[in-house]
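Quick notes on the structure that follows.
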Protein chains: 12
Amino acid sequence: MKNHVYKILEIVGSSQTSIEDAISTAVELAGKTVRNMDWFEVIETRGHIKDGKIAHYQVALKIGFTLEAQ
Amino acid sequence: MKNHVYKILEIVGSSQTSIEDAISTAVELAGKTVRNMDWFEVIETRGHIKDGKIAHYQVALKIGFTLEAQ
Amino acid sequence: MKNHVYKILEIVGSSQTSIEDAISTAVELAGKTVRNMDWFEVIETRGHIKDGKIAHYQVALKIGFTLEAQ
Amino acid sequence: MKNHVYKILEIVGSSQTSIEDAISTAVELAGKTVRNMDWFEVIETRGHIKDGKIAHYQVALKIGFTLEAQ
Amino acid sequence: MKNHVYKILEIVGSSQTSIEDAISTAVELAGKTVRNMDWFEVIETRGHIKDGKIAHYQVALKIGFTLEAQ
Amino acid sequence: MKNHVYKILEIVGSSQTSIEDAISTAVELAGKTVRNMDWFEVIETRGHIKDGKIAHYQVALKIGFTLEAQ
Amino acid sequence: MKNHVYKILEIVGSSQTSIEDAISTAVELAGKTVRNMDWFEVIETRGHIKDGKIAHYQVALKIGFTLEAQ
Amino acid sequence: MKNHVYKILEIVGSSQTSIEDAISTAVELAGKTVRNMDWFEVIETRGHIKDGKIAHYQVALKIGFTLEAQ
Amino acid sequence: MKNHVYKILEIVGSSQTSIEDAISTAVELAGKTVRNMDWFEVIETRGHIKDGKIAHYQVALKIGFTLEAQ
Amino acid sequence: MKNHVYKILEIVGSSQTSIEDAISTAVELAGKTVRNMDWFEVIETRGHIKDGKIAHYQVALKIGFTLEAQ
Amino acid sequence: MKNHVYKILEIVGSSQTSIEDAISTAVELAGKTVRNMDWFEVIETRGHIKDGKIAHYQVALKIGFTLEAQ
Amino acid sequence: MKNHVYKILEIVGSSQTSIEDAISTAVELAGKTVRNMDWFEVIETRGHIKDGKIAHYQVALKIGFTLEAQ
């Protein structure tokens, strides 16, 4: 097995519908600039409230991706 | 921009269906006693188990609301 | 089962005799302003020292109580 | 009231669909070896990413169950 | 010495000029609804950025005040 | 000196009288299924409130015991 | 409202004069490489001492900025 | 009011009888080498188990004492 | 992909030579009672000192292993 | 480069004017008993309130200083 | 002294032989894309187990490097 | 068994070769000023990087030693 190196980026996704959708939103947009994403970890779940109701969820993630030797 | 002051209350909502519903339940009941709720943060996700299945989720939140000068 | 909502208050009790007595002092005084207290959690145990001896214990608690719909 | 004793086990469930389903998966499999499960607490929410999309959620739980005197 | 009980409230003050001023803003507005404030503890220091510069500081505090027997 | 290995179990004891008694209750019941218990560490002190008074203390412990080679 | 995604960078600013100035130094230099900075959070406040006096403050920040779709 | 400076020492007391007694043991022995002790904070509660019973409690404290100008 | 469930055990290994050897000692002894061990995480590194030198390292691990359906 | 060893002391400074001044007060008084102070880290920012206004800031620091071989 | 600004990246290195080697692997690969690396901090030590033995160590680091003005 | 009291000092050792050597360096130098050292706990592992390689490891320890009655 090779000695892999992963780089970690931290990103916050938001969604009006669910925590899972906020995670997907973040992962998909991150995928536009980094390749080889491997895992994520939720580090904070927050959200905004408007007129007494949840306006959107905001989920902060760490995303690990394989760093390619250059 | 004015210098806002937010007060934070801590509240636990529960739901038999989902984490998002437990959050909504807490936000809606909090809205009966405080106005101008602005944001929430999840600080703990727990639940009870009955007969080997999840009976309900319990989600502890901090809710921030704008404090009106009096 | 109904979807309960608990509100959490944070309070510090003190006692010259024991940690348990400091907890009781806090719970009893909290009971003068809130009803339906359900559980507590110790979040910090401190105290003051005077003339080289413990003058009193100070125990910080979170207390959860059922929020009645209004 | 008797003086109950709870034992805590730590378990990680996974699901391709939602955080709640990952929790259920863990609770149900745990129920095959322990009885009298009473509560759970989420301690970590992670997951894997494949081809730029979430492959599955992984949720680490503590599960408390009543320890029967033997 | 009597057995004091302190209640803790959590509040976020903001200021365009300094961290100390954000703390003062929070303490002064809190003082309009509670008496006998005794101490504070900073639990989070954040802020907003606008046009590449700090727009304001936001400092979250716990404030302890003596609870009067009722 | 041999290279010892300790296994850790997590357990919650409860008592109507004191924190120390809740710890003893947990240690004694744990002793019915594991041998060679060596140390404990308190990880959480909670309790329930009934009719405005403390009904019982709940103390969560980690208990370390020597793992015997098999 | 759109589903925003924020990326977070971590940066340490230093200043010989104040904590606020160390934060500004970090925010301004970060602004040379990222656009649309939105908020910051202080995660550590340190500093160096020389000849018995504070030589400079070092403040570690997380800075969140809106990630533009590409 | 003068600008006080407190120094903090960390110490672990033990007792065969109670958590409070372990705290006292630590405070009293600390008092043999430092003067002007002002407060303590419990940072860890552990203990040893022997023959299936609690042998002694070990409580780690921070103790703050006024530093006298020299 | 199937929905895996991992169970986590907590164990402390010791060694007179190195941190890595203490980890190995724990993993190998754990392997005598559980199968399908998959990952570990170091949660604490401690040790004992004797005659002014390190007598042995003690490393606490969480070990995750695949739980087989029964 | 030699293998340096730093010792860490923990100290709380106070000031009626600012957080930076409380840090300076602590560093300067610490400098009366230890030499070769190298760095500090803020571990807690608190203060007292009197008559509804901030009476003074209290900042707890760790201070690292080079330990001279003896 | 100039007011330096450090940027922090988070990276995970792995090695089949030791924790130190996993750290080196991460630092060396990071050095292919950033210059002026100054310090690192270990934030997590994990690893994988295969056939009852440690397959490799995974060490997560923060690496700080001087940000050059642009 | 007597009621022991341990005092804790915090110290940072460094080494160009390994984490274990950095721990030894700290323990040995500490042993020049305190007697009866009993245990240590690693609280932080850091290091410096020079020319893209690890220059030295820095390991922060708590060291506990038996306090002799005076």
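The values are calculated or read from the model by the stated rules, or taken from the named source; none is laboratory data. As the structure is a prediction and not an experimental result, all values here were calculated from the model. So basically every Cβ, Gly included, is an ideal-geometry build from the backbone, and we count neighbours across all protein chains shown.
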*Go through segment C:25-69 and give me each residue that's of a type outside the set (Val, Ile, Thr), over 18 Å from F:HIS56 (Cα atoms) and touching a Ser or Thr at 6+ places or on another chain (Cβ under 7 Å).*
C:HIS56, C:TYR57, C:GLN58
_Any hit, segment A:45-62, residues being of a type in the set (Val, Ile, Thr) and within 30 Å of K:ALA55 (Cβ to Cβ)_ = no
_Sole residue being more than 7 Å from every other protein chain (Cβ to nearest Cβ), more than 30 Å from E:ILE49 (Cβ to Cβ) and not acidic (Asp, Glu), chosen from B:ALA26, B:ALA22, B:ALA30_ = B:ALA22
*Within segment K:46-62, is there a residue that is more than 20 Å from I:VAL27 (Cα to Cα) and surrounded by fewer than 17 Cβ atoms within 10 Å (Cβ to Cβ)?*
no
*If you take the residues of segment F:33-47 that are within 11 Å of chain C (Cβ to nearest Cβ) and more than 23 Å from H:GLN16 (Cβ to Cβ), which of them is nearest to the chain's Cα centre (by Cα)?*
F:GLU44
*Residue check, F:ALA22 against (1) in contact (Cβ under 8 Å) with a residue 60 or more places away in the chain; (2) farther than 20 Å from I:LYS7 by Cα, all met but one. Which one?*
(1)
*Among the residues of segment L:1-27, count how many are at pLDDT below 95 and either over 30 Å from H:GLN16 (Cβ atoms) or of a type in the set (A, V, I, L, M) (or both).*
2
*Assuming H:GLY47 fulfils every condition listed in (1) in contact with a Gly (Cβ under 9 Å, 6 or more places away or on another chain); (2) under 25 Å from L:ILE11 (Cα atoms) apart from one, which condition is it?*
(1)
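Would you say B:GLY13 is without any contact (Cβ under 8 Å) to a residue 60 or more places away in the chain, more than 8 Å from chain A (Cβ to nearest Cβ) and crowded, with 16+ Cβ neighbours inside 10 Å?
Values: without any contact (Cβ under 8 Å) to a residue 60 or more places away in the chain: yes; more than 8 Å from chain A (Cβ to nearest Cβ): yes; crowded, with 16+ Cβ neighbours inside 10 Å: yes.
Here the answer is yes, as B:GLY13 does meet what is asked.
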*Within chain H, strands (runs of 3 or more DSSP E) holding 3 or more residues that are touching a His at 6+ places or on another chain (Cβ under 7 Å) and not β-branched (Val, Ile, Thr)*: H:37-50
*Of the residues I:LEU67, I:LEU29, which single one is touching a residue at least 24 places away in the same chain (Cβ under 8 Å) and closer than 28 Å to D:GLY31 by Cα?*
I:LEU67
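Would you please name the residue that is farthest from J:GLY64 (Cα to Cα), looking only at residues in segment G:32-53 that are of a type in the set (Val, Ile, Thr) and in contact (Cβ under 8 Å) with a residue 24 or more places away in the chain?
Selected residue: G:VAL34.
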_Which numbered condition in (1) at the interface with chain J (Cβ under 8 Å from one of its Cβ atoms); (2) farther than 29 Å from G:ILE8 by Cα; (3) in contact with a helix residue (DSSP H, G or I) (Cβ under 9 Å, 6 or more places away or on another chain); (4) not small (Gly, Ala, Ser) is the only one that E:VAL5 fails?_
(1)
*In segment C:48-64, the residues that are under 16 Å from E:LYS7 (Cα atoms), within 14 Å of chain H (Cβ to nearest Cβ) and among the small types (Gly, Ala, Ser)*: C:ALA60
*Does segment E:29-46 contain at least one residue that is in contact with a Lys or Arg (Cβ under 7 Å, 6 or more places away or on another chain), modelled with pLDDT under 95 and not basic (Lys, Arg)?*
no
